[in-house]
Amino acid sequence: MTPPSTLRRGRSHVARGASAVAILALGVTAAVAIPAQAAGSTLQDAAKGSGRYFGTAIAASRLNDSTYSTIANREFNMITAENEMKMDATEPNQNQFNFSQGDRILNWAQQNGKQVRGHALAWYSQQPGWMQNMSGTQLRNAMLNHVTGVATHYKGKIYAWDVVNEAFADGSSGGRRDSNLERTGSDWIEAAFRAARAADPGAKLCYNDYNTDDWTHAKTQGVYRMVSDFKSRGVPIDCVGLQSHFNPQSPVPANYQTTIERFAALGVDVQITELDIEGSGQQQAENFRKVTQACLNVARCTGITVWGVRDTDSWRASGTPLLFDGSGNKKAAYTAVLDTLNSVSGTTPPPTSTPPVTTPPVTTPPVTTPPVTTPPVTTPPPVSGSCSAALTIANSWPGGYQGTVTVTAGSSGLNGWRVTLPGGVSTNNVWNGNVSGSVVSNAPYNGSLGAGQSTSFGFIGQGNAPGAATLTCS
Ligand code: XIL
């Protein structure tokens, strides 16, 4: 469950000489603000004063530790599973889902009146072994099946999903990180978001990453361009998560609030999703204060989650980066966060809630569990000529459905294919293919098929799902 590679991951190191000045200035601002209502005595109560949440990552294995669970229950109202909803935990064998540990955390949260952030549906890291060895269309379909399966299991219970985690490269390129998922085609991210929306229309859908806190970083700009593009094309995205893992080599940037503002201006919520700041004493406290203040200053910054309860619970325990010490005592950083939250209670407009971009079904979802199995790859109809195509319905809900089309090459193989969707089908949401009107053609990576070989593409349809059908393929 704890791949050392993740812990060793490099962070970019950018010195920020101006940050000390900015921290002092913000400290003064916070001190003179006049609370408009009774101060909260816990992080969650103080955050509620401005319509925000305050969350923590929880490890299921620690829930039996009463010091841990007492603090967690008292202070936080948003819960993220630190590892238990990741791909390796939830689908250890292909298409055999295991929600036991994720459900423990979800149930604990629900029993204690808390909301849950889902983390994470698709990621290059912490993939189960079977997935690490996959590529191409097989991997694309397995990833989409995973997104659908997990989001369906938790349907209606998740405040926001980190649909895709850490897909951008560090350094100066501003481009995508290489990974097996990226090599299935760079539209894998939007395909994952569409599948997540189809499976759980009520959850906010977030893109989550680290080293995206400094507005001037190429990586931040790359993510910004993607979110902007998604918004302009109607790809369903509701929020951006800034992990915000800080240390002296990767400090809180002076322009952190600018980054939050710019993303928010695209029409998405911003959430600080994995906050930890290495350090101690007043210097650490000032950094936590600065992050908290930056979120409070932006209406669409809807909440802050710290990545663990006590320093000893942290994935970076040696950096003592959290709000409680190993004995569960409140640190100076805790007081700084609490006071900052209280200083603006009632003075910042409550964040607007984000309706999903595409109109989701609002009526009762089907009672029966939608299928979470992989698209059919078995015995396609035999063909002698060019190709055949078969439509099946992978998932449906009032007002929409997810279709899967399996394309099979005839005896001479294919260098490309075109499939005509049934009359009345309306979609601009296609993955593993390119849509133009009612015709879907192959993506660059799945046009070549040997004799009898199959590939598939998926789409989201509006309205009632048509029945399974044989489609025209050329
Ligand atoms: C970390 C967990 O805290 C560790 O327990 C685990 O060993 C590795 O993953 N970015 C993320 C989180 O999105 O999922 C990571 O969590 C920390 C970095």
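Bear in mind that the values in this text are calculations on the coordinates, not laboratory data. Here the structure is a predicted model, which means the values were calculated and not measured. Cβ sites come from the backbone with ideal geometry, for glycine too, and all protein chains shown count toward neighbours.
Worth pointing out:
- Each peptide among 189-195, 233-239, 467-473 gets the average number of other Cβ atoms lying within 10 Å of its residues, and from highest to lowest they stand as 189-195, 233-239, 467-473.
- One decimal place: the segment ARG316-SER172 gains 49.3 nm when fully extended, by the rule 0.36 nm per residue minus the C-alpha distance.
- Based on the Stokes-Einstein relation at 37 °C and a viscosity of 0.692 mPa s, and on the Kirkwood radius from alpha carbon pairs, the stretch 90-223 is assigned a translational diffusion coefficient of 211 µm²/s.
- Within straight-line reach of LYS157, meaning a Cα separation under 30 Å, sit the following lysines at least 8 residues removed in sequence or on another chain: LYS48, LYS86, LYS114, LYS204, LYS231.
- Over the stretch 163-239, volume per residue of the alpha carbon convex hull, in Å³: 87
- Ascending count of other beta-carbon atoms within 10 Å, so fewest first, for ARG197, ARG74: ARG74, ARG197
- Taking θ as phi - 60° and the Karplus parameters 6.51, -1.76 and 1.60, the scalar couplings of the stretch 460-474 work out to 9, x, 9, x, 6, 5, x, x, 4, 8, 8, 10, 6, 10, 9 Hz in sequence order, x denoting glycine and proline.
- Residue ranges 106-113, 430-437, 268-275 sort as 268-275, 430-437, 106-113 when ordered by packing (mean number of other C-beta atoms within 10 Å per residue, highest first).
- Cross-link reach is defined here as a Cα-Cα straight distance under 17 Å, omitting same-chain residues fewer than 8 places apart; for LYS219 the aspartates and glutamates meeting it are GLU166, ASP170, ASP178, GLU182, ASP209, ASP229, GLU261.
- Counting charges near ALA333 (Lys, Arg +1; Asp, Glu -1) among other residues having Cβ under 15 Å from its Cβ returns a value of -2.
- Amide H to amide H distances under 5 Å link ARG418 with SER474, where only residues 5 or more positions off or on other chains count and H is placed in the peptide plane.
- Net charge contributed by nearby residues that have their C-beta within less than 10 Å of GLN127 (K/R +1, D/E -1): -1
- Sum of side-chain charges, THR292 neighbourhood, beta-carbon under 12 Å (Lys, Arg +1; Asp, Glu -1): +1
- Database remark: amide H of LEU471 closer than 5 angstrom to the amide H of ALA389, ALA390, LEU391 (H placed geometrically; neighbours at sequence offset of 5 or more, or on other chains; Pro and chain starts carry no H).
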